[in-house]
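Worksheet: the structure to be examined is printed underneath.
The values are calculated or read from the model by the stated rules, or taken from the named source; none is laboratory data. A quick note: this is a predicted structure, and the numbers were derived from the prediction, not measured. Ideal geometry is used to build each Cβ from the backbone, glycine not excepted, and the neighbour counts take in all protein chains shown. Note: areas computed on protein heavy atoms with side chains; ligands, DNA, RNA excluded. Shrake-Rupley method; radii C 1.70, N 1.55, O 1.52, S 1.80 Å.
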Amino acid sequence: MNLILCCAHAGLRERWFAALESDYTVYQTAGLQDLGILVRQRIAFDLLFVHRPLVDAEVVAYIRRSAPACRLFLLSDRPEEDEGLAFLRLGIVGYANSYMSDARLREAARTVAAGGVWINQQLMQRLIAQTVPGDKAGANGGGTSRQPLHNLSNREYQIAGLVAEGLSNLEIAERLGITERTVKAHLGAIYAKTSTRGRLGLALLVNQPGGDG
């Protein structure tokens, strides 16, 4: 899997490279001009990690139109929830702090490579809260039938509903009187049964029109 790191800060870019090179074929660019050169060389890339100072909403929208199959992740020195929401609406799949730990960066890359979305819990809750039934944005691409929900056990259905309300694993555990580890185990089963790839995709599925039946 090919991954491009686009960042003008050489030290930061090299840090990202060192964290990810063992898992991906990683290319480095210092700016959008270099990124354009790579693209014109017809190198197919699956993941694009971009330092936030290099892009604005117009550039992100252009990248999404030009390479719709590429999964775009923004890394910001000072992440802001409102900014994150705006970029998520444009189709990015990740928004996080530029200086997160190497382990978290690798986890983030694995998550988005597998089709998930990587954002913090507060931003996830806001995004879910602003998602109206039938919204086609998000990790699951929209338009998914609610039918897979019928395959869930009562407990799994209950947990899926709480995820759709924006609750964290810890909050769900406290609400239901179970351990956080048990919640995580149930979520693994729920994602498999519903063919969703994360909390946002599951929330979109639960919140689609059609009622509870």
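Which value in deg cm²/dmol, rounded to the nearest 500, describes the helix-derived mean residue ellipticity at 222 nm for the chain, given -39,500 (n - 2.57) per DSSP H run of n ≥ 4 and division by the residue count? Per the formula, -14500 deg cm²/dmol.
With the charge dipole of segment 1-129 set up from +1 on Lys and Arg Cβ and -1 on Asp and Glu Cβ about the Cα centre, the Cα lying farthest toward the positive end among the listed residues 70, 5, 17 is that of 70. The C-alpha atoms of the chain define a longest principal axis, and helix 57-66 lies at about 90 degrees to it. Here segment 1-94 was treated as a single set of alpha-carbon atoms; its pair distances binned every 10 Å from 0 give 16, 54, 29, 1 percent.
Residue order by solvent-accessible surface for 184, 193 is 184, 193, largest first, with ligands and nucleic acids left out and a 1.4 Å probe.
Among the GluC sites (Glu not before Pro) within segment 1-81, those in coil by DSSP and having at most 16 neighbouring Cβ atoms inside 10 Å are 21, 80.
Using only side-chain charges placed at the Cβ, +1 for Lys and Arg and -1 for Asp and Glu, the dipole size of segment 1-136 relative to its Cα centre rounds to 320 debye. With the whole protein complex present, residue 54 retains an accessible surface near 50 Å², based on a 1.4 Å probe.
With all protein chains in place and a 1.4 Å probe, the accessible surface of the chain carries 49 percent carbon and sulfur. Within the listed set 36, 84, 188, the Gaussian network model of the chain (springs between alpha-carbon atoms below 10 Å) gives the highest mean-square fluctuation for 36.
Projecting the Cα atoms of 189, 173, 208 onto the charge dipole of segment 157-213, computed from C-beta unit charges around the Cα centre, puts 189 farthest toward the positive end. Largest mean-square fluctuation among 109, 189, 203, in a Gaussian network model of the chain whose springs join Cα atoms under 10 Å apart, belongs to 189. Answer rounded, prolate or oblate for segment 1-43, using the Cα gyration tensor with square roots of eigenvalues a ≥ b ≥ c: rounded when a/c is under 1.5, else prolate when a/b is larger than b/c, else oblate. The shape class here is oblate. Annotation note: chymotrypsin sites (Phe, Trp or Tyr not before Pro) in segment 33-123 located in DSSP loop regions with a Cβ neighbour count of at most 13 within 10 Å are 99. Short-range pairs are left out: with C-alpha atoms under 8 Å and at least six residues apart, the relative contact order of segment 1-134 is 22 percent. Against the chain, whose longest principal axis comes from its Cα atoms, helix 180-194 is set at around 80 degrees. In this structure the chain gives 50 Å² per residue of accessible area when probed at 1.4 Å with all protein chains present.
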